[in-house]
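See below for the structure under consideration.
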Amino acid sequence: MTGFIRRFRPTDLLSRSEEDLIHGAALELLERGGVHVRHSRGLEVLAEGGCRVDSDAQLVRIPSSVAEECMRRIPSSYSLTGRDPATAVRLGGSRYHFMQGMGMRYVDPDTWELRPGTLKEVDEAYLVADALPNVHVLDSTQSISDIVGVPPAMQHLECVASAYRMSGKPQHVGYLKHFDEFNVKMAQGLGVQPDVDIDIAPPLSLTEDAVDAMLIYAPLGWGLEACPGGYAGATAPATIAGLVVQWWAATIAFVTLAKLIDERAALSVEMAGGFLHPKWASPINASPESWYAEGMGNQLCRRYQLPIAAAQGFCGESKMFDFQAAWEKALGILSSIMTGSHMNVFQGSFATELGYSAVLAVMDDDIAGAIGRYLLGAEITEESLAIDLQLAMGSEPTSFLNTPHTREHWIRDRFLPSVADIGPYEDWVAAGKPELIDKARAKVEQIVAEHRPKALSADEEGIIEDVLREAREHCREQGLISDSEWSAYQEALEQAGRP
Amino acid sequence: MVTGTLKRLDQAIRAYDAQAAREEALALVSAGEDPALGFDAIADVLSDIGAEFEAGTMWLPDMIGASESAQGALSVLQEQARLRGGGQMLGTAVLGTVKGDIHSIGIQIVSSLMVGAGFNVEYLGIDVPPERFVAAVKETGAGLLGLSALLTSTASEARSVLELLEAEGLRSGVKVMLGGGAITEDFALAVGADAYGASAAQAVGIAKSLLGTQEEVAS
């Protein structure tokens, strides 16, 4: 299994009584107010499970006893597997993982402009993610989701296919009508198991597509990641506590439906949303209010050992790869991890999800490595305490450099960044004062030139191509790809050297 | 016989075993072999370890351990070379951190690397008063004095050492190099030092240059 080990208990932000108040408030919302479920089969399942269903209003009131029973049956972890068995991930418990970030468009690191990415750049994004040691899961929901020439109906499946070609690591996927069927075919053909990100529309609503996805993926044993996404003051109460009550109620509703669909359903949660700019009401991913709200949510998840796949820290509002970008990411991710998250979407995301950059992913991977080392903590043993050594060395000024103990432990478990410069100042001057971004750029070029992912067999290549072909035909038949879009699509595929 | 001894000398240094390295050097000279064979073997193994250090497969404690393990063997070989009338050491150096400063890591690394390079090093430690530096220069006949200061508040102590050397009439016979976090090249030259070293690795090249065993100072 991959990932880091957290050697210490996460931090509680709430007292037990405060935690009970929020949990009780969420149960009250579901029992008295209810959740909208815009899906007839979903409503039937919930009714059969003991919920009070108003089919006309598509409103489901969930008794606390039903909700609590479903919450108690959440598995404390689940697996994601990719083409390479060595990269399997167990989400939950004391393990911690990083997931590649997401972004709509390609970021030009020279001009900071955002533009649609090409299929080749999508391939490169996944290839670099495959090479980075601290990316454990690929995010194929949106890593450069606006792709030149690729019709919207095929963008997600093209991303998923690219990720399979470029990496053996497990994937985190999204859901979409006209996508799910082909997504499952491709994964099953390759013998892999992703997990699925499914939204809960705020305040408390499950759309038809979302419930369709739950009905498809839950019986397959794929992890279902609940994503409540309320924004304080806009789609949720303006207070941190009120926002968390809504997030938690949405999570409980999601878990209840998933467990009633399939008792074996594996679950996790990503509390998205948060706080908005006070003047412009634009989303602010890197706000201490959001970080704290998510930390409170994490504590509630720990109440039921619900695996937490968090988004805090994955990007901020900086428009460049600069000091602001670094503190937004580092503080966000650390606050999330310290309060118990098991996985964070992270490397490469930029400017409120507007962009994705492989160059940024390389720099972010150093932050990930540093945090992974922090989680590992300190081993406390007779050997590590080194009492005998310290007694032998005495109290006079001396050096421990030339001791077997130092040679044994000097580099063990040490974090060494890939591109961040931690060397002496004079070496940096002597090297021509290189900038971090240039080193990251060079690293990307090196990876693209030298890194080769686990090779696809001819059969696997055939599976990917067959499913893509079938999906393209399906989308054409359904009128989801116009003639002009089809021409542009063919051209984009040709330019990318696709079969 | 010789091949086996040299191989064991190599292995002893790689195992950071100073006693075994010294014993193999003794075995070599006891067998009447040319000490130069031992010098070459030690140079080879330290060069290998240096290359691994550069490549990031070995680390500072490995370099220090190997250099200091080689020290005992070098002493034996150098003494034998002296008796034979050849194979001189690169020179004797006195090293230490100036008074009021207790930072030792950098100067210890310089000491180890200079030993590994073939210098006879008298390392005085930390918080060394000017009088002790001067006394050590007198006692050892050192041609080189290396001073380290990490703190800006202690850097001026280097000036005191140089002034005392001058007052004792020793300055013309000893080259002085300065280094450490608080020292700049401008400062070093302003207080009358002969050279400034920005890093431990540079210090070895500077020392060789100052003592005339290398033509150009690495910088």
Point to revise | Looking only at segment A:347-370, and only at residues there that are outside any strand (DSSP E or B), farther than 17 Å from A:Glu445 by Cβ and touching a residue at least 60 places away in the same chain (Cβ under 8 Å), the one that is most open to solvent (accessible area, probe 1.4 Å) | key: A:Leu354
Review point. For A:His178, all conditions in the list (1) at pLDDT below 90; (2) buried (at least 21 other Cβ atoms within 10 Å of the Cβ) hold save one; what is the number of the exception?
Key: (2)
Review point. Residue check, B:Glu139 against (1) open to solvent by less than 40 Å² (accessible area, probe 1.4 Å); (2) more than 22 Å from B:Glu68 (Cα to Cα), all met but one. Which one?
Key: (1)
Revision key, fill the gap. Only one of A:Leu385, A:Leu389 is open to solvent by less than 90 Å² (accessible area, probe 1.4 Å), more than 14 Å from chain B (Cβ to nearest Cβ) and over 35 Å from the mean Cα position of the chain (by Cα), namely A:Leu385
Review point. Here are A:Lys443, A:Lys454, A:Lys439: which of them is open to solvent by 40 Å² or more (accessible area, probe 1.4 Å), within 30 Å of A:Ser418 (Cβ to Cβ) and in contact with a Gly (Cβ under 6 Å, 6 or more places away or on another chain)?
Key: A:Lys454
**Study point:** All positions within segment A:372-387 that are touching a His at 6+ places or on another chain (Cβ under 9 Å) and either assigned by TED's automatic domain parsing to the domain that holds A:His342 or of a type outside the set (Gly, Ala, Ser) (or both)
**Key:** A:Glu383
Point to revise | For A:Lys454: the one exception among (1) within 23 Å of A:Ala368 (Cβ to Cβ); (2) within 14 Å of chain B (Cβ to nearest Cβ); (3) modelled with pLDDT of 95 or more | key: (2)
Review point. B:Leu162 fails exactly one of the following numbered conditions: (1) at pLDDT 90 or above; (2) over 14 Å from the mean Cα position of the chain (by Cα); (3) within 30 Å of B:Leu46 (Cβ to Cβ). What is the number of that condition?
Key: (3)
Check your understanding: Within the set of pairs 6+ apart or on separate chains, which have a first residue in segment A:419-448 that is closer than 19 Å to A:Ala325 by Cα, a second that is of a type in the set (Phe, Trp, Tyr), and C-beta atoms under 7 Å apart?
Key -> A:Asp421/A:Trp428; A:Ile437/A:Phe321
Exercise for review: From the list B:Ala81, B:Ala51, B:Ala15, pick out the single residue that is surrounded by fewer than 16 Cβ atoms within 10 Å (Cβ to Cβ), at pLDDT below 90 and of a type in the set (A, V, I, L, M).
Suggested key: B:Ala51
Practice item. Working only within segment A:458-497, note down all residues that are over 28 Å from the mean Cα position of the chain (by Cα) and outside any helix (DSSP H, G or I). Key: A:Gln478, A:Gly479, A:Leu480, A:Ile481, A:Ser482, A:Gly497
Point to revise | Only one of A:Ala238, A:Ala250, A:Ala258, A:Ala265 that is in contact with a Pro (Cβ under 6 Å, 6 or more places away or on another chain), over 30 Å from A:Met363 (Cα atoms) and at pLDDT 95 or above | key: A:Ala250
Check your understanding: For segment A:149-159, does any single residue satisfy the condition of being surrounded by fewer than 24 Cβ atoms within 10 Å (Cβ to Cβ) and in contact with a strand residue (DSSP E or B) (Cβ under 6 Å, 6 or more places away or on another chain)?
Key -> yes
Point to revise | Residue check for A:Gln193: open to solvent by 10 Å² or more (accessible area, probe 1.4 Å), at pLDDT 95 or above and in contact with a Gly (Cβ under 8 Å, 6 or more places away or on another chain) | key: yes
Practice item. Could you tell me whether any residue of segment A:301-316 is open to solvent by less than 10 Å² (accessible area, probe 1.4 Å), touching a Lys or Arg at 6+ places or on another chain (Cβ under 7 Å), in the same structural domain as A:Val128 (by TED's automatic domain parsing) and modelled with pLDDT of 95 or more? Key: no
Review point. Would it be correct to say that A:Asp413 is in a helix (DSSP H, G or I), within 14 Å of another protein chain (Cβ to nearest Cβ) and in contact with an Asp or Glu (Cβ under 9 Å, 6 or more places away or on another chain)?
Key: no
Practice item. Name the single residue, out of those in segment A:375-391 being part of a helix (DSSP H, G or I) and at pLDDT below 95, that is farthest from A:Tyr96 (Cα to Cα). Key: A:Leu376
Review point. What residue, of A:Ala210, A:Ala250, A:Ala234, A:Ala226, is within 28 Å of A:Glu289 (Cβ to Cβ), open to solvent by 10 Å² or more (accessible area, probe 1.4 Å) and of a type outside the set (Ser, Thr, Tyr)?
Key: A:Ala234
Exercise for review: Take A:Val135 and decide whether it is assigned to a helix (DSSP H, G or I) and either among the hydroxyl-bearing types (Ser, Thr, Tyr) or open to solvent by less than 10 Å² (accessible area, probe 1.4 Å) (or both).
Suggested key: no
Review point. Which residues, counting only those in segment A:133-150, are touching a Lys or Arg at 6+ places or on another chain (Cβ under 9 Å) and either not assigned by TED's automatic domain parsing to the domain that holds A:Met343 or not polar (S, T, N, Q) (or both)?
Key: A:Val135, A:His136, A:Val137, A:Leu138, A:Ile144, A:Asp146, A:Val148
Practice item. Considering every residue within segment A:425-433, establish whether at least one is away from chain B (no Cβ under 14 Å), open to solvent by 30 Å² or more (accessible area, probe 1.4 Å) and not hydroxyl-bearing (Ser, Thr, Tyr). Key: yes
Practice item. Taking the residues in segment A:392-408 that are at the interface with chain B (Cβ under 9 Å from one of its Cβ atoms) and not in a helix (DSSP H, G or I) as candidates, determine which candidate is most open to solvent (accessible area, probe 1.4 Å). Key: A:Glu396
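The values are calculated or read from the model by the stated rules, or taken from the named source; none is laboratory data. Given the structure is predicted, the values throughout are model-derived calculations rather than measurements. Ideal geometry is used to build each Cβ from the backbone, glycine not excepted, and the neighbour counts take in all protein chains shown. Calculation scope for accessible area: heavy atoms of the full protein, side chains included, ligands and nucleic acids excluded. Shrake-Rupley method; radii C 1.70, N 1.55, O 1.52, S 1.80 Å.
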